[in-house]
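Structure first, commentary second.
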Amino acid sequence: MSAAPGRGSIVEGEFVFTADDFRQIAEMLHAHAGIALNEGKAALVYSRLAKRLRTLGLSSFRDYCALVEGADGIDERQKMTAALTTNVTRFYREPHHFDDLRDRVLPKLVERARAGGRVRLWSAACSNGQEPYSMALTLLSVLPEAADLDVRILATDIDPNMVAQGHDGTYSEEALEPAPATLWRKYFNRSDRGSWTAGPQLKRLVSFKELNLIGDWPMKGKFDAIFCRNVVIYFDDPTQERVWSRFVPLMQPGATLYIGHSERVAGPAANKLQTAGLTTYRLGAT
Ligand SMILES: C[S@@+](CC[C@H](N)C(=O)[O-])C[C@H]1O[C@@H](n2cnc3c(N)ncnc32)[C@H](O)[C@@H]1O
C-alpha cells in the first residue's frame, strides 16, 4: 500500500525519494548514457527503479544512489540505465527510410558488393533488433546473395539485454506483421513457441554488439548507411551534436544517415550532411 510522501519525498510511495535523490540519479544517467531527465520525469524514475530497490532489498533511494555511485556500482549502473531507457521499436518503423534505402541507396551498393566490394550498414541504438533485421530484409529483397558477399550490418545498443534479444532474433508473428510477409516468411523460421527466429542468412548479415553512443567506438571502417533513430531525442543538445559529428568521419562519401521523426541534425555536422528527404541526410562527397 502506498504511504504518504515521506519527509522531503517528491513522489508518493513506499520509498522516500527526495529531489536530491532524483538529481543524483539524473546526473549518473547523463554521465553514463547521455540521457537528460527533467524533474517532470520524477514519478517515472521512481516507478521504474522501485523494483530495483525491492530486488536489492534496499530501504531508501539514498542507499540506492550510494550503491550505484560506489566502486562496486558498475553492474547496477547498467541495470539502472536499462530500467530508465525506452526500448520501443518496430519492424519497418518509419517505412519511408526503408524505401529510400532500397530505391536510392542500395542500387549502387548492390553493384559494388557484386563486384567484390565491401558494404557496411550500422543500426546505432538497435533496441531488440527489429531495426537491423528490417535493414537486412530490405537488403535481401534486392541482393538475395548478400550473406555470401562482403556485406554486413552492425547493430549496437547500450543495453546488454537488447543486444542479447537481437542476437537471439526471436519475435512474435504480431511483431513481424509490419514487415513484408514475403520477406519475413522467407528469412525467419517458425520456432517451437509459435514465434519466428531469424534464419541463417539474417544471422550472418547482422552482428550485435554492446556500444554506448557517448562512449568509445572501436570501429575503424566506414559505413555506407547509418540508422540512428529515436535515441538522441533523449540526449541534451550538446550531446546530440557530438553524436552527429562523430558519425561524419565514419561515413563513406555519399553515405546516408537516417534519424528519428522528431530529431534533426544540428551543430558542425549540419554543414557536412545535406538533407536528402524526410529525416534523411547524405554526406557530401569530399
Ligand atoms: C526508443 S529505442 C529506438 C530503437 C530503434 N532505433 C528504433 O527507432 O526503433 C532507443 C534505444 O536507444 C538505446 N540507448 C539509449 N541510450 C543509449 C546510448 N547512450 N548509447 C546507445 N544506445 C542507447 C536504448 O537502450 C534503446 O534500445
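Overview of results
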| read-out | value |
| --- | --- |
| Candidates TRP217, TRP196, TRP122, ranked by Gaussian network fluctuation over the chain, Cα under 10 Å, top entry | TRP217 |
| Antiparallel content of DSSP bridges confined to the chain, in %, to 5 | 40 |
| Using alpha-carbon coordinates, inclination of helix 74-84 to the longest axis of the chain, degrees | 80 |
| GNM flexibility winner over the chain from ALA147, ALA113, ALA71 (Cα, springs under 10 Å) | ALA71 |
| 3J(HN,Hα) from dihedral phi, region 253-261, Karplus parametrisation 6.51/-1.76/1.60, rounded to Hz, x for glycine, proline | x, x, 5, 10, 10, 9, 10, x, 5 |
| Taking N as its residue count, the alpha carbon Rg of the chain over 2.2 N^0.38 Å | 1.11 |
| Footprinting exposure proxy for ARG120, ARG52, ARG185 (fewest neighbouring C-beta atoms within 10 Å first) | ARG185, ARG52, ARG120 |
| THR279, THR182 arranged by Cβ crowding within 10 Å, fewest neighbours leading | THR182, THR279 |
| Under the Debye formula (equal points on every Cα, no solvent term), log10 I(q)/I(0) of region 19-84 at q = 0.13 Å⁻¹ | -0.29 |
| Expected 222 nm ellipticity per residue - DSSP helices of 4 or more, -39500 (n - 2.57), all of the chain, to 500 | -11500 deg cm²/dmol |
| Cα-based helix-to-principal-axis angle, 130-142 vs the chain, degrees rounded to 10 | 0 |
| Cβ-Cβ FRET estimate between THR197 and ARG112, R0 fixed at 25 Å, reported to 0.05 | 0.25 |
| Distance in nm between pseudo-label sites at GLU145 and THR86 (7 Å out along the Cβ direction from Cα) | 4.4 |
| Net charge, LYS203 excluded, C-beta distance under 12 Å - Lys, Arg +1, Asp, Glu -1 | +1 |
| Relative exposure of THR55, THR85, THR170, judged by other C-beta atoms within 10 Å (fewest first) | THR55, THR170, THR85 |
| Helix 19-33 vs. the chain, principal-axis angle (Cα, 0 to 90°, nearest 10) | 20 |
| Count, lysine Cα pairs under 23 Å in the chain, 8 or more residues apart or across chains | 14 |
| Phi-based couplings in Hz for region 56-70 (Karplus 6.51, -1.76, 1.60; Gly and Pro marked x) | 8, x, 8, 10, 8, 5, 4, 5, 5, 4, 4, 5, 5, 7, x |
| Within-13-Å neighbourhood charge of ILE158 [Cβ basis; K, R +1; D, E -1] | -1 |
| Gaussian network model of the chain, springs between alpha carbon atoms under 10 Å - residue of LEU202, LEU106, LEU58 with greatest fluctuation | LEU58 |
| For GLU14, residues with placed amide H under 5 Å, excluding near neighbours | ALA3 |
| Extension gain from LEU56 to SER262, taking 0.36 nm per residue of separation minus the Cα-Cα distance | 70.5 nm |
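Rule-based calculations on the coordinates, nothing more; no lab input. What you see is a predicted model, and the numbers here were worked out from it, not measured in a lab. Every residue, glycine as well, gets a Cβ built from its backbone with ideal geometry; the counts of neighbours run over all protein chains shown.
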